[in-house]
Amino acid sequence: MAFVEPVVLRDRGLRLEPLALAHEDGLAAAAADGELWKLRVTSVPEPQETRLYIETALQMREQGSRFAFAVVDEATDRVLGSTSYHDILPAVRRLEIGYTWYARSAQRSHVNTTCKLLMMGHAFDQLGCHVVGWRTDNFNFASQRAIERLGARKDGVLRGHALRRDGTTRDTVMYSLRAGEWPESRAQMLSLLEQHAQAG
């Protein structure tokens, strides 16, 4: 039995469901909303690469190293983006959350915080994880701020760690949250979502 079994997670009008080839058109449309593949600090697929992106995620799922979700608007069934558990280490009950991106129209909304709340809740409360981690490009300051808002701690920077799509070498900023820190993190995210709902 895999550490991460197929599951559908729902909250606040969003549905996270296992990424499948059926999501190809929706995922391509989400990436086209803002031409996200042009950003050098993300790994969003170009429209013609969407099928390969999904096939790669499914291969990694078979290997047990990644479990990708499609992020779907429940009211319209529109695909808003994708996010994953990855670097899954059952022996130490650790995984990371990443490969995360959303259509531009879904950014600066409740979507990211809701998705993180769902995924962290499932990881800590259902899977019994001891640690959840994140990693991001050293120049992706928006991502770093978003991770820090979750209550995650900065572990450090891996220098010369990975290639960007433009061929340059990036430093990777690493973050983590321990199970004992999850209740405070959850309260913080619920507070942020409440503020967003009141503002909307």
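The values are calculated or read from the model by the stated rules, or taken from the named source; none is laboratory data. Please read all numbers here as calculations on a predicted model, not as lab measurements. Cβ atoms come from the backbone with ideal geometry, glycine included; neighbour counts cover every protein chain shown.
The condition (being surrounded by fewer than 21 Cβ atoms within 10 Å (Cβ to Cβ) and under 20 Å from residue 67 (Cβ atoms)) is satisfied by just one residue among 160, 98: 98. Here is a check on your reading of the model: is residue 89 surrounded by fewer than 17 Cβ atoms within 10 Å (Cβ to Cβ) and either of a type in the set (A, V, I, L, M) or more than 11 Å from the chain's Cα centre (by Cα) (or both)? Judged against the criteria, residue 89 is a match.
Looking only at the range 167-191, count how many residues are hydrophobic (A, V, I, L, M, F, W, C), crowded, with 17+ Cβ neighbours inside 10 Å and touching a helix residue (DSSP H, G or I) at 6+ places or on another chain (Cβ under 8 Å).
Qualifying residue count, the range 167-191: 4.
Yes or no: the range 41-56 includes at least one residue that is surrounded by 14 or more Cβ atoms within 10 Å (Cβ to Cβ), in contact (Cβ under 8 Å) with a residue 40 or more places away in the chain and acidic (Asp, Glu). The answer is no, given that none of the residues of the range 41-56 is surrounded by 14 or more Cβ atoms within 10 Å (Cβ to Cβ), in contact (Cβ under 8 Å) with a residue 40 or more places away in the chain and acidic (Asp, Glu).
Which one is farthest from the chain's Cα centre (by Cα) among residues in the range 93-114 that are assigned to a strand (DSSP E or B) and over 17 Å from residue 133 (Cβ atoms)? Across the range 93-114, the extreme among qualifying residues is 102. Going by the structure shown, is residue 159 out of contact with any His (no Cβ under 7 Å at 6 or more places or on another chain), of a type outside the set (Gly, Ala, Ser) and modelled with pLDDT under 90? Judged against the criteria, residue 159 is not a match. Against the conditions (1) on the phi < 0 side of the Ramachandran plot; (2) touching a Lys or Arg at 6+ places or on another chain (Cβ under 8 Å); (3) surrounded by fewer than 17 Cβ atoms within 10 Å (Cβ to Cβ); (4) not basic (Lys, Arg), residue 128 satisfies every one except (1). Could you list, in sequence order, all residues of the range 141-200 that are over 25 Å from residue 46 (Cβ atoms), in a strand (DSSP E or B) and without any contact (Cβ under 8 Å) to a residue 24 or more places away in the chain? Answer for the range 141-200, where residues must be over 25 Å from residue 46 (Cβ atoms), in a strand (DSSP E or B) and without any contact (Cβ under 8 Å) to a residue 24 or more places away in the chain: 154, 155, 156, 157, 158, 159, 160. The condition (being buried (at least 16 other Cβ atoms within 10 Å of the Cβ) and assigned to a helix (DSSP H, G or I)) is satisfied by just one residue among 68, 123: 123.
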